[in-house]
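Colleague: To start, I am sharing the structure in question, which I have written as structure tokens.
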Amino acid sequence: MNKLRLGLPKGSLQQQTLALFARAGYTIAVPERSYFARIDDPEMEAMLFRAQEIPRYVAEGVLDCGLSGHDWVRETEADVEEICELVYSKQGFGRYAWVLAVHNDSPFKSPKDLEGKKIATELVNVTRRYLAEHGVNAQVEYSWGATEAKVPTLVDAIVEGTETGASLRANNLRVLDTVLTSSTRFIANRESVRDDWKREKIENLRTLLEGALRAEGMVGLKMNVEKAKLGDVIAILPALKNPTISGLSDEGFVAVEIVAEESQVRELIPQLKRAGASGIIEYPLNKVIL
């Protein structure tokens, strides 16, 4: 049987990734202390690695495809094919930034002020390329953790990933510049995508994952509307496209169905009722496929 070897990120992105796959229709179980996950698709094998390792394993063909950050693809310079961007992260659904930061009390105002200084980061290669682009010659050392705490005692600056900036503020740091903006990417081995069976499997997975992300924060609404009041109801309906309208056994009424942002619904439902809608049903969505 053909098998698609899939790499999933272990660690900070793990729970968000498993939740995304669950909404996409896949049940994945991860035994304790194991790097091999059980997935309810007999044509797929799932393995867990650090996100930093996945681009290299995909490029080398150990994995056919996997999920990792754009930052780690850039850091490892892995030769992989990017299938799609999946905008989610460890604290929510969004992008995150790697920033050049210094202590609030430091005299540094721009990257050029770090000439000859010491910078700590996990993203060593990306940081070195960034400094070279700015004509700055500085010492870049790998940080094994607690990077924010190293300024200003051990290093002059850091390049650190952040989603909200809360940790930087808590450590009395300020941002000089954004080095790289990143998000999770679905990547594939270049040889694997040349295989017809694997390419189709990868594209199917892409469709389901993108659909699951698109459905985040969205709900479906169904309602009955008297034909005479249909124009008033449609005028206030948000929708991805035109609402779906179908006939009912009572020829004076139609059924209307839309997709809306969940945050809008508490304001929208009373408006719909006042406009003439009845029998309004709200239901959750797992996937929205465009």
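Colleague: Just to check your reading of the model, which residue among Leu20, Leu6 is in contact with a Gly (Cβ under 7 Å, 6 or more places away or on another chain) and on the phi < 0 side of the Ramachandran plot?
Modeller: Values: Leu20 fails: in contact with a Gly (Cβ under 7 Å, 6 or more places away or on another chain).
Testing whether each residue is in contact with a Gly (Cβ under 7 Å, 6 or more places away or on another chain) and on the phi < 0 side of the Ramachandran plot leaves just Leu6.
This table checks each residue for (1) touching a helix residue (DSSP H, G or I) at 6+ places or on another chain (Cβ under 8 Å); (2) outside any helix (DSSP H, G or I).
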| residue | (1), (2) |
| --- | --- |
| Ile202 | yes, no |
| Gly220 | no, yes |
| Asn224 | no, yes |
| Ala228 | no, no |
| Val233 | yes, no |
| Pro238 | yes, yes |
| Asn242 | no, yes |
| Ile245 | yes, yes |
| Glu257 | no, yes |
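Colleague: Filter region 177-197 for residues that are in a strand (DSSP E or B) and buried (at least 19 other Cβ atoms within 10 Å of the Cβ) and give the result. Give the derivation first.
Modeller: Step one: filter region 177-197 for residues in a strand (DSSP E or B), giving 177-182, 184-188.
Of everything in region 177-197, those that are in a strand (DSSP E or B) and buried (at least 19 other Cβ atoms within 10 Å of the Cβ) turn out to be Val179, Leu180, Ser182, Thr184, Arg185, Phe186, Ile187, Ala188.
Colleague: Just to be sure before I move on: is Glu82 in the same structural domain as Leu8 (by TED's automatic domain parsing), surrounded by fewer than 20 Cβ atoms within 10 Å (Cβ to Cβ) and either under 18 Å from Thr178 (Cα atoms) or in contact (Cβ under 8 Å) with a residue 12 or more places away in the chain (or both) in the structure I sent?
Modeller: Details: in the same structural domain as Leu8 (by TED's automatic domain parsing): yes; surrounded by fewer than 20 Cβ atoms within 10 Å (Cβ to Cβ): yes; either under 18 Å from Thr178 (Cα atoms) or in contact (Cβ under 8 Å) with a residue 12 or more places away in the chain (or both): yes.
Yes, satisfied.
Colleague: What tally of residues in region 166-186 results from selecting those that are of a type outside the set (Asp, Glu), more than 14 Å from Ser106 (Cα to Cα) and in contact (Cβ under 8 Å) with a residue 40 or more places away in the chain? Before you say what the answer is, go through the steps one by one.
Modeller: So the first thing to find is which residues in region 166-186 are of a type outside the set (Asp, Glu), and the list is 166-176, 178-186.
If we keep only those that are more than 14 Å from Ser106 (Cα to Cα) as well, we get 166-170, 178-186.
Checking which are in contact (Cβ under 8 Å) with a residue 40 or more places away in the chain leaves us with 168, 178-186.
Selection size over region 166-186: 10.
Colleague: Among the listed residues Glu75, Glu32, which satisfies the condition of being under 25 Å from Ser167 (Cα atoms), outside any strand (DSSP E or B) and among the acidic types (Asp, Glu)? Talk me through it step by step, then tell me what you get.
Modeller: Numbers: Glu32 fails: under 25 Å from Ser167 (Cα atoms).
Of the residues listed, the single one that is under 25 Å from Ser167 (Cα atoms), outside any strand (DSSP E or B) and among the acidic types (Asp, Glu) is Glu75.
Colleague: Across region 20-50, which residue is farthest from the chain's Cα centre (by Cα) among those that are aliphatic (A, V, I, L, M) and exposed (fewer than 14 other Cβ atoms within 10 Å of the Cβ)? Full working, then the answer.
Modeller: So in region 20-50, the residues aliphatic (A, V, I, L, M) come out as 20, 22, 24, 28-30, 37, 39, 44, 46-48.
Then drop every residue that is not exposed (fewer than 14 other Cβ atoms within 10 Å of the Cβ), which leaves 22, 29.
Values: Ala22: 15, Ala29: 21 Å.
That would be Ala29.
Colleague: Next question. For region 7-19, enumerate the residues that are surrounded by 14 or more Cβ atoms within 10 Å (Cβ to Cβ), in a helix (DSSP H, G or I) and not hydrophobic (A, V, I, L, M, F, W, C).
Modeller: Scanning region 7-19 gives Gln14, Gln16, Thr17.
Colleague: Residue by residue through region 116-133, note down the ones that are surrounded by fewer than 13 Cβ atoms within 10 Å (Cβ to Cβ) and within 24 Å of Arg74 (Cβ to Cβ). If you could, list the steps in order and put the result at the bottom.
Modeller: Initial filter on region 116-133 (surrounded by fewer than 13 Cβ atoms within 10 Å (Cβ to Cβ)): 116, 132-133.
Ala132, Glu133 - these are the residues of region 116-133 that are surrounded by fewer than 13 Cβ atoms within 10 Å (Cβ to Cβ) and within 24 Å of Arg74 (Cβ to Cβ).
Colleague: So Ala166 passes all but one of these: (1) touching a Pro at 6+ places or on another chain (Cβ under 9 Å); (2) surrounded by fewer than 20 Cβ atoms within 10 Å (Cβ to Cβ); (3) among the hydrophobic types (A, V, I, L, M, F, W, C). Which condition number does it fail?
Modeller: With respect to (1) touching a Pro at 6+ places or on another chain (Cβ under 9 Å); (2) surrounded by fewer than 20 Cβ atoms within 10 Å (Cβ to Cβ); (3) among the hydrophobic types (A, V, I, L, M, F, W, C), Ala166 is out only on (1).
One line per residue, one yes/no per condition, for (1) assigned to a strand (DSSP E or B); (2) more than 27 Å from Arg185 (Cα to Cα):
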position: Val102; (1), (2): yes, yes
position: Lys109; (1), (2): no, yes
position: Asn125; (1), (2): no, no
position: Gly135; (1), (2): no, yes
position: Gly145; (1), (2): no, no
position: Leu154; (1), (2): no, yes
position: Val159; (1), (2): yes, no
position: Arg169; (1), (2): no, yes
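Colleague: Among the listed residues Glu226, Glu251, Glu267, Glu200, identify the single one that is without any contact (Cβ under 8 Å) to a residue 60 or more places away in the chain and in contact with a Gly (Cβ under 7 Å, 6 or more places away or on another chain). Step through it out loud before you land on a result.
Modeller: Values: Glu251 fails: in contact with a Gly (Cβ under 7 Å, 6 or more places away or on another chain); Glu267 fails: in contact with a Gly (Cβ under 7 Å, 6 or more places away or on another chain); Glu200 fails: in contact with a Gly (Cβ under 7 Å, 6 or more places away or on another chain).
Being without any contact (Cβ under 8 Å) to a residue 60 or more places away in the chain and in contact with a Gly (Cβ under 7 Å, 6 or more places away or on another chain) holds for just one of Glu226, Glu251, Glu267, Glu200, which is Glu226.
Colleague: Now for a separate question. What single numbered condition from (1) more than 29 Å from Leu18 (Cα to Cα); (2) surrounded by fewer than 12 Cβ atoms within 10 Å (Cβ to Cβ); (3) touching a helix residue (DSSP H, G or I) at 6+ places or on another chain (Cβ under 6 Å) fails to hold for Glu267?
Modeller: Just one mismatch for Glu267, condition (3).
The values are calculated or read from the model by the stated rules, or taken from the named source; none is laboratory data. Quick caveat: nothing in here was measured; it's all calculated off a predicted structure. Ideal geometry is used to build each Cβ from the backbone, glycine not excepted, and the neighbour counts take in all protein chains shown.
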